[in-house]
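The values are calculated or read from the model by the stated rules, or taken from the named source; none is laboratory data. Being a predicted model, the structure only gives us computed values, none of them experimental. What goes into the accessible areas is simple: the full protein's heavy atoms, side chains included, and nothing from ligands, DNA or RNA. Shrake-Rupley method; radii C 1.70, N 1.55, O 1.52, S 1.80 Å.
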Amino acid sequence: MSKRKVSVICGGSSEEHAVSIQSGQYIAGSFDLDRYEVTVVIVDHDLDWYLVKDTGRFCEQGFSFDDKDSYHCIIPAVGLRDTAWITIDDKTR
């Protein structure tokens, strides 16, 4: 049986940004990885979106924008049937 795909989107521009990331970390870690393929997206204060490369590492260690190898800058691929995210490789933080 194929795994169901789930995306956890957290962060944002409010004062609750850090709390939202902690909540996302808890929620992503709560899924049974034998049954679900979990993707985590962090939204920064400027409302740019970042795809976390390693969900397991995010759940165990959290997230830092200083670790540039742990994420990709992305945009949502609205309207595309087979692709959920488009990676923007040339965006630097």
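What to note about this one:
- Split the accessible area of segment 1-58 by element, probe 1.4 Å, and carbon with sulfur accounts for 49%.
- Pairs of Cα atoms farther than 18 Å apart, segment 5-64, %: 26
- Averaged per residue, segment 2-74 has 62 square angstrom of accessible surface, using a 1.4 angstrom probe with ligands and nucleic acids left out.
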